[in-house]
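A short write-up of the structure that comes next.
FYI, it's all coordinate maths here, none of it is from the lab. Remember, predicted model here, so these are calculated numbers, not experimental data. Because the Cβ atoms are built from the backbone with ideal geometry, glycine has one as well, and the counts that use them run over all protein chains shown.
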Amino acid sequence: MRIIPMEKLKIERVCQRCSGTGVETVVIDGVSTEISCVGCGGDGAMESPLYIDFTAMNAKLPNAFKLIFTYQIVEVIDATEYAALVDAAKDGLRIILSCGVVDLIHTGKIYLNLMAIFGSSPITKAAIEAL
């Protein structure tokens, strides 16, 4: 598995104000002056976060993948069942949830670990199976 650092999940786009030169021309009292572009700070490019739509990605992947955000798992965990977990199970759950996005295919390690954690928790187990 290849891990991509968060700083690489950004894209740079050319500044539309200066067309990527980093300089813009302003006219003050009829005199043209070149200044650093206000839009990009003189860099010529602007950084934007990269957004990934996993819904569209899932539709294009083979059926062997079922990518979901881990907040979706958090939303279906029953509070009473979570409170009843032993500390080791809570630690394992924290590790899974810290991933941000997981492959929840029913034969995968993440799914099997969640079933082991919530095996005796009928409400949460059924909700995770339904994801």
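The packing ranking of peptides 117-127, 78-88, 103-113, 28-38, highest mean first, is 117-127, 103-113, 78-88, 28-38, where packing means the average number of other beta carbon atoms within 10 angstrom of each residue. Computed 3J(HN,Hα) for segment 27-33, one whole-Hz value per residue from the Karplus formula 6.51 cos²θ - 1.76 cosθ + 1.60 where θ = phi - 60°, is 10, 10, 6, x, 10, 7, 9, glycine and proline marked x.
Stretching the chain fully between Phe69 and Leu112 yields a gain of 13.8 nm (0.36 nm per residue, less the alpha carbon separation). Phi angles of segment 103-119 translate, via the Karplus equation with coefficients 6.51, -1.76, 1.60 and θ = phi - 60°, into HN-Hα couplings of 8, 9, 4, 5, 9, x, 5, 4, 4, 5, 5, 5, 5, 5, 5, 9, x Hz per residue; Gly and Pro are given as x.
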